[in-house]
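What follows is a short report on a single structure.
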Amino acid sequence: MYQKSLIILKPDALQRRLVGRIIQRFENAGLKIHAMKFAKMSTEKSRQHYAEHIDRPFYKSLENYVTSNPIIVFILGGNYAIDKIRLMIGNTMPAKALPGTIRGDFAHQQRTDIPSDETQQPLMNLIHASASPDEAKNEINIWFAPNEINDYSVVDDAFHGS
Ligand code: CMP
């Protein structure tokens, strides 16, 4: 089943020059880029994108983190892409992310507690990816207009489905 997922490379991914290495992993896995933009997340977009977290104690630190510096937002497609990408990025908590996952290999932050206010260090985990088909649909709508999303063929479509 072909699915599209919304991915965000958060400010720490750009500040640590990890963009190329992260995107390379997705290409290697046979995922297709359907849209991509370089942006700075506004507080309004953060509130839209993370609407389900607004009442959580860590929200303010999350907002400060994701709006602090530019991000790269993109759509990846592939067979069962949503679950596959979540497996590739690893556990939300970098300290719990398995070796071989993006967070397990590159995000070294050790804390596993929940910051109680905005003055605390945010949980810097490099990357976001949609958790479910409904979330992917909603997040894609938040970040891209239909005419910004492209379907096209790649050399190995016959193996991965399009
Ligand atoms: P992400 O995959 O973008 O989805 C929600 C984000 O909220 C998550 O990555 C983290 O950046 C942040 N987050 C989730 N849980 C916690 C937590 N317990 N403490 C701090 N930040 C969190």
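The values are calculated or read from the model by the stated rules, or taken from the named source; none is laboratory data. Treat the numbers as computed from the prediction; the structure is a model and nothing was measured. Cβ placement follows ideal geometry from the backbone for every residue including glycine, while neighbour counts extend to all protein chains displayed.
Data table
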read-out: Checklist (1) more than 10 Å from the ligand (Cβ to nearest atom); (2) in contact (Cβ under 8 Å) with a residue 60 or more places away in the chain; (3) in a helix (DSSP H, G or I) applied to residue 84, failing item; value: (2)
read-out: Scan of region 65-81 for residues that are more than 11 Å from the ligand (Cβ to nearest atom) and within 19 Å of residue 121 (Cα to Cα), ordered by number; value: 67, 68, 69, 70
read-out: In region 66-96, the residues that are buried (at least 17 other Cβ atoms within 10 Å of the Cβ) and at pLDDT below 95; value: 94
read-out: Residue ID - surrounded by the fewest Cβ atoms within 10 Å (Cβ to Cβ), chosen from residues in region 27-61 that are more than 30 Å from residue 157 (Cβ to Cβ) and aliphatic (A, V, I, L, M); value: 51
read-out: Pair list, Cβ under 7 Å, 6 or more apart: region 126-150 residue touching a residue at least 24 places away in the same chain (Cβ under 8 Å), other residue aromatic (Phe, Trp, Tyr); value: 126/106
read-out: First in region 29-57 and closer than 18 Å to residue 127 by Cβ, second anywhere and in a strand (DSSP E or B) and of a type in the set (S, T, N, Q), Cβ under 9 Å, 6 or more apart; value: 31/5
